[in-house]
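Written below as C-alpha cells is the structure these notes are about.
The values are calculated or read from the model by the stated rules, or taken from the named source; none is laboratory data. All values reported here derive from a predicted model rather than from experimental measurement. Cβ placement follows ideal geometry from the backbone for every residue including glycine, while neighbour counts extend to all protein chains displayed. Accessible surface is based on the protein model in full, side chains and every heavy atom, while ligands, DNA and RNA are left aside. Shrake-Rupley method; radii C 1.70, N 1.55, O 1.52, S 1.80 Å.
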Number of protein chains: 2
Amino acid sequence: MNFSERSLELHKQKRGKLEIHSTFPLETREDLSVAYTPGVAQPCLEIAKDKNLAWDLTIKGHSVAVVTDGSAVLGLGNIGPEAGLPVMEGKAILFKHFANIDAYPICLDVHDVDGIVAAVKAIAPGFGGINLEDIAAPVCFEVERRLVEELDIPVMHDDQHGTGVVVTAGLMNALKVVGKKIDEVRVVISGAGAGGMGVTHLLFEAGVKQLTMVDSRGIIALGREGMNRYKDELAAKINPEGKTGSLANALKDADVFIGVSQPGVLISEMVKSMAKDPIIFALANPVPEIMPEIARVAGAAVVATGRSDFPNQVNNALAFPGIFKGALDGRIRKITSAMRLAAAVALAGMVQHPTSEEIMPSVLDKSVADVVAEAIKRAA
Amino acid sequence: MNFSERSLELHKQKRGKLEIHSTFPLETREDLSVAYTPGVAQPCLEIAKDKNLAWDLTIKGHSVAVVTDGSAVLGLGNIGPEAGLPVMEGKAILFKHFANIDAYPICLDVHDVDGIVAAVKAIAPGFGGINLEDIAAPVCFEVERRLVEELDIPVMHDDQHGTGVVVTAGLMNALKVVGKKIDEVRVVISGAGAGGMGVTHLLFEAGVKQLTMVDSRGIIALGREGMNRYKDELAAKINPEGKTGSLANALKDADVFIGVSQPGVLISEMVKSMAKDPIIFALANPVPEIMPEIARVAGAAVVATGRSDFPNQVNNALAFPGIFKGALDGRIRKITSAMRLAAAVALAGMVQHPTSEEIMPSVLDKSVADVVAEAIKRAA
C-alpha cells in the first residue's frame, strides 16, 4: 500500500487521529469529588476572581485552536470544513508530539472575514493561542490582521508565517551550500496566496533584495488583471518598474525558485534557464511543483519539498510547534516578524554543515521545537 | 485537605484535566507521511466527495463540544467563560471515561442568543454533537431551540435535559421506596431555571399530574412579577388557577421536593410540613438546598443530592455520556423527550431493589452509559 492507501485505512480504523485523555484519576467517589463536583467549584471561583489564573489551572495555558474554514486545504483547494478535518487533526497531533501543546481542530462553517473573526473571538477564552490554517487568500490576511489586533492571545496564520520561517531557514542553508549571498540572489516566488505572501515578507526581513512574485497569470504588477489589495501592496514594493511576463520569463537567470503554488508549474526547461546552481523549493502539497528527481536532472543544486518522503523537507512542522511553545511559555501576546526571523535563524543554525541533501533539521528531531521556542522568547 | 483544596492543588499541578493524544504513530518519516502530508490528502479527498465520511474518518463521529458562555456555572452564577473551564473540562473527562466520547470544552465570549447560536453553528462541522452547559435561563432555552432546529447534529442542554433524566429516574425509584404512585404525588420544584424547566417537562412525560414550580419570588403564576415567556407557558399549564405563595406554602403536604436552585432555601420546618415520608432531592451544586443529615432528621424518607460524597447521587454524569453515546452511535439527529424518558426508565431499572440509601446506580458504574445509550437507540 502507498501512503494514501495506508493513510485512508488507518483513518478508518482509528476514526481519526485524536483522543482526549484525562490527567485526573476517576475511579473512586473521592476522585469524582475532586475532578468534578463539589471540588471543581474551587478552581472556578479562583478564576472568577482573576481570569489570568485560567492559564495555570486549566488547559488554556497549553492549548491551541487549529482553525480552518476548509477553503484552501493543502493544495486541494476549497474542499470545505469537514474535509479539512484530517489535516487539522494532523496539525494537532504534531503540536502534541513536538511541543506538548494540546491542540484541537476547529473547522468553521463560515467563510467571510466577519464570520471567521466573530467565531474565533467567541471561542478564544478557552485557548492559549490560535493557529489559523488553510484559509484562502485574500480572506486569510484580513482575518489574521483583525484577530491579532482584537485578541489578547497569540494568533498566527501558519500557511503564511510558519511557511515564511521554514523557507527562510532553508534558504539560508541552501545558499551556504551553493556559496551565494542572501542580499545578492534573485528569488522567484510562485504563488501569491498565503504561503507566497508570508515567505516574501520574511525573506525581505532576512535581507533578500531581488524578489519576483508570480501567480497563475504571471508576474504580479500594479494594474495587471487578477490583482488584489495585498498583491498591489507587494507589487508596489518589489516590482516598481511594472515588469510583466510569465513564470518562465521570471526564472531566466534567477538563483532561487520557491513554489507555494500548484503541482507541475515548474518544468525542466525553466530550471535549465536559471543561473548556475539553482535552488528549487517545490513546496506544493501533496504534489510538488516539480518532482525532485526531475529538478536534479535539470541541474538544480539543492531541491526541497514539503514532504516527508524526500530529502530536505521544508515543512511547517519544524516551525509552528516551537513558535507556539515559545509564545505560550513566554505569555507572548503578539508574534512579530522579528521573532519569526529569530526562529528561522535558530532553525537554520541546527544544521552544522549544510549539504545539498541536508539543509534542514529532521522533522523527527524533537529538540527543534525547544530551539525555536527559545528563539521566540529571546526575541520577545 | 478537603475536596476544594485537593481539587485546586491538582488543577495547579496538572494544569487542568485534559490532554490530547495521538492514535497514530509519529516516530518515523513513514509515520509522518501517513498521518500528515502526503498521505493525509486521501481522507480529505474522500470527505470532500461525501462529507458524511467525516463521521468515519475523523474525530467527528466520536466527539462532542461542551459549550458554555459561563453565565450559570454550577450554582456559582455568571462567573464568565474562563472560570467555567474547569467544569467543562470535568464534563469532557466524564464523557471519555464513561462513554469513550472525545469531548472538548468550548467557552464562549458571547452571551446573547444570536451570538451563541452563530458561534456554535460556526464550529459544528468538526463535532458529532453539542452539549450545551451552564448557560443562564432564559437565554439557554432559545439557544437550544434554535440549534436543535438549525443543526444536523444532536444538541442537548444538559442542565435541562440531563437533569430531567436523572431526576425522573431517581424519583421513580424513590417512589418505590415510599410506596407512592407517580400520578398521585404532589411535587414541588424549587428553581425555574434550566434545571427546573427540564425536570418539569420530563416529569410530565413520566406521568406526574400535580406540579408546583417555585422560584426566588415564590410560586410561578401568570401575571406575577419576575415572570418570563417560559415561566408563563409553564404556569398556564401547571397553575391555571393562579395559586400564589412562598416555597413554605407550596411544600405544605407535598410529597416531593426537587431543588435545582440555591443553597439553604429548604429548612427543617418546611420538610416537617410535608406529607408522610417526604422525598427530598437537594441538587444545588456544590452546596445543596439542605444538607442531607438535616433533611433526614426532619423526617425525609429519601434524600438525594448531586454530590459524589453523599448517598443517592442524582448527577447528570449518569445521563449525558450515555445519551450522547446513543445519539452518536445511532446517528440520531434530534434527541426527543420520548428518548429521554426511555433513558430515565432504563436508568431507574438498573437498581433492582431501591432503598432509601440507594435509588440510583453508582456514578462509578461504567455499564450505565451503555444501558442509557441502548435505551436512546431503541426509542429512536
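Inter-copy label distances for B:Asp152: 3.9 nm (label point placed 7 Å from Cα along Cα→Cβ; shortest first).
A Gaussian network model of chain A, with springs between Cα atoms under 10 Å, assigns the largest mean-square fluctuation among A:Leu85, A:Leu283, A:Leu364 to A:Leu364. Measuring r between the beta carbons of B:Asn52 and A:Ala248 and using R0 = 41 Å, the FRET efficiency lands at 0.40.
What number, in percent, do you get for the relative contact order of chain B if the mean sequence gap of Cα pairs under 8 Å and at least 6 apart is divided by its residue count?
Details: 729 pairs, mean separation 53.0, N = 380.
Dividing the mean separation by the residue count of chain B yields 14 percent.
Could you work out the mean projected area of the convex hull around the alpha carbons of chain B, in square nanometres to one decimal? Working shown, then result.
Details: hull surface 79.8 nm².
Averaging across all directions leaves 20.0 nm² for the Cα convex hull.
For B:Asp253, the distances from its label point to the matching points in the remaining copies are 10.5 nm, ordered from shortest, with each point set 7 Å beyond Cα toward Cβ. Spatial offset of region B:306-324 relative to region A:257-278 amounts to 63 Å, using the alpha carbon center of each.
For B:Ser273 and B:Asp152, compute 0.36 nm times the residue count separating them, minus their Cα-Cα distance, and round to one decimal in nm. Working shown, then result.
On the way: separation 121, 0.36 × 121 = 43.56 nm, distance 4.84 nm.
Full extension of this stretch gives 38.7 nm more.
Using the Cβ atoms and a cut-off under 12 Å, what net charge is assigned to the surroundings of A:Gln262, where Lys and Arg are +1 and Asp and Glu are -1? It would help to have the intermediate numbers written out before the result.
Working: positive: none; negative: A:Asp215, A:Glu289.
For residues surrounding A:Gln262, the net value is -2.
Between the alpha-carbon centres of region A:111-153 and region B:113-172 there is a gap of 25 Å.
By a 1.4 Å probe calculation restricted to protein chains, B:Lys51 has an accessible surface near 120 Å², given to the nearest 10.
Checking every one of the trypsin sites (Lys or Arg not before Pro) in region A:122-206 against DSSP loop status and a limit of 12 other Cβ atoms within 10 Å picks out A:Lys181. Considering all alpha-carbon pairs of region A:100-143, what whole percent are spaced by more than 13 angstrom? Counting pairs separated by more than 13 Å, the tail of P(r) holds 55 percent.
Compute the FRET efficiency between B:Ala338 and B:Arg6 as 1/(1 + (r/R0)^6), taking r as their Cβ-Cβ distance and R0 = 35 Å, and round to the nearest 0.05. Working from the Cβ atoms, E equals 0.25. Take B:Gly349, move 7 Å from Cα toward the beta carbon, and the resulting point lies 6.8 nm from the same point in each other copy, nearest first. The fraction of all Cα pairs in region A:288-378 landing in successive 10 Å bins from 0 to the largest distance is 17, 42, 27, 11, 2, given as whole percents. Give a quick list of GluC sites (Glu not before Pro) in region A:140-207 that DSSP marks as loop, anything other than H, G, I, E or B, with at most 16 other Cβ atoms within 10 Å. Loop-located and lightly packed - A:Glu184. Solvent-free Debye calculation, one equal scatterer per alpha-carbon of the protein assembly as shown: log10 I(q)/I(0) at 0.04, 0.10 Å⁻¹ equals -0.19, -0.92.
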